[in-house]
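Notes follow once the structure below has been shown.
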Amino acid sequence: MRRVLSRAAATAAVVLGLVTAAVAPTASAAANPYQRGPDPTPASVAAPYGPFATAQAKVPPGNGFNGGYVYYPADTGPGTWGAVAIVPGYSALFADEEAWMGPRLASFGFVVLGIETTSRTDSADARATQLLAALDYLTQKSPVRTRVDASRLGVVGHSAGGAGALLAALRRPSLKSAVGLAPGSPVGNLDLAGDQVPTMFIAGQRDPVVTPAYLDKLYVTMPAALKKAYVQITGVDHLFATRPNTVEMRTLIPWLKLALDRDTRYERFLCPTVADATGISMYRSSCPL
């Protein structure tokens, strides 16, 4: 059964509302003030939707990026939520390639802002700038700003957007998470020796663009003490993140729950290794996360 909000209710919440629905049980009480939702299971982290009903709204261009879409849990009862900004890869549109992630992540208890870039050929550095501008907009100006905990923010990007996410982390060490989905290299080789933000790579075993060899070298540039993880998905190429991918989500969701919500109920899915290795050809992490 799926709960759907009325268009009027969504509009009242965020100016222009479209709604995605999911089953929404009451969030469990916990000593951790950021813990949200029922105890997770292997089936729940791989499910198409999480426990929270969601709404979405279009974001107009401006504020340092070219607009996009915001997705958020409709329930205000549990309090504020951690949030992530997502940027697509070179020449891509979020609406075409990563929009599937928005309602799925929001249904697990995150506010998600998927952005379009000023130019589809923007560099990784420009994508980093726009990700940070998007987070500032989300927490300071957006209609959902009161739903967001500005101290629990992360960035996600694919390909050149993934490189942008890593560069954003280097620029803003107060972020709680950076996730590179097949993160490409900006001009020159990226070095993450100065990274202070918990960082995850999710990549394809058969990616000819951002190769496993490149990411192997990039991963080891991160500080030994940094919280980090590297997931390689079996048999997929560079475009795995541009369509619904359960292996990606059942590792990304626990990561975000740990990084943004400090929800240790999810650690068993990633530490000491992934709970379900189906579809994963290689996994590294710096447990505990």
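The values are calculated or read from the model by the stated rules, or taken from the named source; none is laboratory data. Note that this is a predicted model, so its numbers are computed, not measured. With ideal geometry, Cβ positions are generated from the backbone for all residues, glycine too; neighbour counts draw on all protein chains shown. With ligands, DNA and RNA removed, areas are computed over all heavy atoms of the protein, side chains included. Shrake-Rupley method; radii C 1.70, N 1.55, O 1.52, S 1.80 Å.
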Every residue from segment 251-265 that is under 17 Å from the mean Cα position of the chain (by Cα) and open to solvent by 40 Å² or more (accessible area, probe 1.4 Å): ARG262
Residues of segment 266-279 satisfying the condition of being more than 17 Å from LEU226 (Cα to Cα), open to solvent by 40 Å² or more (accessible area, probe 1.4 Å) and not β-branched (Val, Ile, Thr): ARG268, ALA275, ASP276, ALA277
Failed criterion for PRO212 (all others in (1) crowded, with 24+ Cβ neighbours inside 10 Å; (2) over 23 Å from PRO42 (Cα atoms) hold): (1)
Test: residue in segment 206-226 that is within 20 Å of LEU260 (Cβ to Cβ) and of a type in the set (D, E, K, R): no
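Considering only segment 240-249, I want to know if a residue exists there that is closer than 19 Å to ALA160 by Cα, loosely packed, with under 15 Cβ neighbours inside 10 Å and in contact (Cβ under 8 Å) with a residue 40 or more places away in the chain. Walk me through it before giving the result.
Of the residues in segment 240-249, the ones closer than 19 Å to ALA160 by Cα are 240-243, 248.
Restricting the remaining residues to those that are loosely packed, with under 15 Cβ neighbours inside 10 Å gives 243.
Pick out the ones that are also in contact (Cβ under 8 Å) with a residue 40 or more places away in the chain and you get 243.
Scanning segment 240-249 turns up at least one residue that is closer than 19 Å to ALA160 by Cα, loosely packed, with under 15 Cβ neighbours inside 10 Å and in contact (Cβ under 8 Å) with a residue 40 or more places away in the chain.
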Answer from PHE65, PHE108, PHE94, PHE52 - the residue that is in contact (Cβ under 8 Å) with a residue 40 or more places away in the chain and either within 18 Å of PRO244 (Cα to Cα) or open to solvent by 40 Å² or more (accessible area, probe 1.4 Å) (or both): PHE108
Checklist (1) over 16 Å from THR211 (Cβ atoms); (2) touching a helix residue (DSSP H, G or I) at 6+ places or on another chain (Cβ under 6 Å) applied to VAL231, failing item: (1)
From the options ALA169, ALA193, ALA229, ALA178, residue that is within 25 Å of ARG152 (Cα to Cα), assigned to a loop (DSSP other than H, G, I, E, B) and not hydroxyl-bearing (Ser, Thr, Tyr): ALA193
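Report whether or not ALA182 is under 16 Å from the mean Cα position of the chain (by Cα), closer than 19 Å to LEU105 by Cα and without any contact (Cβ under 8 Å) to a residue 24 or more places away in the chain.
Values: under 16 Å from the mean Cα position of the chain (by Cα): yes; closer than 19 Å to LEU105 by Cα: yes; without any contact (Cβ under 8 Å) to a residue 24 or more places away in the chain: no.
So ALA182 does not fit the description; no.
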